[in-house]
1. Anything in region 211-242 that is more than 16 Å from the ligand (Cβ to nearest atom) and open to solvent by 10 Å² or more (accessible area, probe 1.4 Å)? List them, or say none.
2. Taking the stated definitions as given, is residue 125 more than 14 Å from the ligand (Cβ to nearest atom) and either open to solvent by less than 10 Å² (accessible area, probe 1.4 Å) or basic (Lys, Arg) (or both)?
3. Restricting the search to region 258-273, which residues are part of a loop (DSSP other than H, G, I, E, B) and touching a strand residue (DSSP E or B) at 6+ places or on another chain (Cβ under 7 Å)?
4. Six or more apart or on different chains, Cβ under 7 Å: which pairs go from a residue in region 228-254 that's in contact (Cβ under 8 Å) with a residue 40 or more places away in the chain and closer than 25 Å to residue 381 by Cβ to one that's open to solvent by 10 Å² or more (accessible area, probe 1.4 Å) and of a type in the set (Ser, Thr, Tyr)? Could you list them?
5. Applying the selection to region 274-287, what residues are out of contact with any strand residue (DSSP E or B) (no Cβ under 6 Å at 6 or more places or on another chain) and either at positive phi or open to solvent by 20 Å² or more (accessible area, probe 1.4 Å) (or both)?
6. Name the pairs whose Cβ atoms lie under 6 Å apart, with the first residue in region 127-145 and at negative phi, the second of a type in the set (Lys, Arg), and 6 or more positions between them or separate chains?
7. Six or more apart or on different chains, Cβ atoms under 7 Å: show the pairs whose first residue is in region 4-24 and on the phi > 0 side of the Ramachandran plot and whose second is surrounded by 12 or more Cβ atoms within 10 Å (Cβ to Cβ) and at pLDDT 95 or above.
8. Residue by residue through region 79-111, note down the ones that are surrounded by fewer than 20 Cβ atoms within 10 Å (Cβ to Cβ) and within 23 Å of the chain's Cα centre (by Cα).
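The values are calculated or read from the model by the stated rules, or taken from the named source; none is laboratory data. It should be emphasised that the depicted structure is a prediction, and the values quoted were computed from it without experimental measurement. Heads up, the Cβs are rebuilt from the backbone with ideal geometry, glycines too, and the neighbour counts pull from every protein chain shown. All accessible areas refer to the heavy atoms of the entire protein, side chains included, with ligands and DNA or RNA removed. Shrake-Rupley method; radii C 1.70, N 1.55, O 1.52, S 1.80 Å.
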Amino acid sequence: MNIGQEEKYNLHSSWLSWTDMDSFINDWGGTVFVDSYDNTLIDNKGKHYLDLSSGLWNVCLGYSNQSIIASIQKQFEVLPFASNACFSNEPAIKLATKLYEITGYEHSFFTSSGSEAVDTALKMSRQYYYNQGYKFKTGFVSLEKAYHGSTFGALSVCGIEEDKKAFGPLLEDSFQIPAPDCDFCPFKKEKGSCNLECAYALEDLVYEIGTERICSFIAEPILGSGGVIIPPSGYFKTIKRICEKNDILFISDEIATGMGRVGEWLALKKSEVKADLVCMGKGLTGGYAPLSVVLSTSAIYEGFKGINQNDKKFFNHGFTSSGNPIGCVAALKTIEYIEQNDVLTHIKQLEKEIEESLQKISSENSHVKRITGEGLMWGIWFEDRPSKMNPNFNLVEIICYVAKRLNILLFPTNGNCLIIIPSFSFEPTELKLALEKINRILRMVE
Ligand SMILES: Cc1ncc(COP(=O)(O)O)c(C=O)c1O
């Protein structure tokens, strides 16, 4: 720990993700974190920052959850690693059993990052049909404005064009349909008086491409990085019906929304729909260790057994760290903590607090155009205009910058939308105070 003693770091040595390195050092102060407690991070200059982004949407129980820390320490002493190829390990089995209990999915395929989980689900959906002899059922459908990760497979199904433009060619049989964003209805319909044209766009696309060429449809139950967009009621029921009718697997990407983020273990439960495959990550371990998972129904799992035309049908895929016992005990403890402390109810209480505070922000700031969100995942949308304070930064970046100066951490994800995604361990009054500070920052920036 180097609090207060400024070390001479070579800040260029550790190359940061999604970051202009010169700007990180010259504009953003080259912040280096060295310590943490509760929902606060401390940098090497001794400055404390209240984290309103749950790390990177993953530190859902704060930075000093002693039961998770103790479980990891104990696991390090017993079994720090075990290969998940050809062998299993006790924490992985216990976690899979627990995940079945809370989500209803019988099987867990463990991975490390959200992107790995998405790639795994995409490959699983392809091989599922390959195993049945459908060699051309390889296409993926996803949503415009969707974010599914940064590896080539996950990026191919992303709908944020800016993220993709430097990396083509991506998977060529990846198709997108319009995002179900009622405020910007792609079909120019009035909110609440449409026929879910955005969902039927999947059916139209399937007819155009051919059902024999599409293996899966992937979507986030709430589009996170796209700006916390909540699809209209009935959307996923219609999607699921279309998938079933056309023998297409439905993959729900719950990397951001899972683990209670919106008050349920899985956000899709609110739509009363069960996907065929579910990706979870981020908050799965409370952010204390890297772990993600693809949850599968028995029907899919059974499709990977036996022999097909002299080929074994097992899932020919995995990673060195799949089923890592450290990650698995961290996840088990995270779930146990959430259950024992009735955190899902607490999230619903915090939701009321955050919603009220954001409505106030909206009414007091004319440059706020809309508020979107649910549970502890919210977006404040601004007018699409460059910042007057610094033309190199957009408005959301300026807000994050000023907030950081005032000891609040926010992460600029989406151009016009400031995403607020606090940890579940906030107390209502603490969250209210933090949002009052954000309100003052917005007025200042306006
Ligand atoms: C919905 C969703 N899917 C996938 C990912 C990718 O996760 P990771 O960054 O752990 O690879 C993210 C990350 O933000 C996400 O929000």
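1. Scanning region 211-242 gives 211, 212, 213, 232, 233, 234, 237, 240, 241.
2. When the stated conditions are applied, residue 125 passes them.
3. Of everything in region 258-273, those that are part of a loop (DSSP other than H, G, I, E, B) and touching a strand residue (DSSP E or B) at 6+ places or on another chain (Cβ under 7 Å) turn out to be 258, 259, 261, 262, 266.
4. Listed by first residue and then by second, the contacts come to 228/372; 229/372; 230/372.
5. Across region 274-287, the qualifying residues are 274, 282, 286, 287.
6. 129/137; 131/313; 136/213; 138/126; 139/213
7. As it stands, the answer is 4/46, since those pairs meet every condition given.
8. 97, 98, 100, 101, 102, 104, 106, 107
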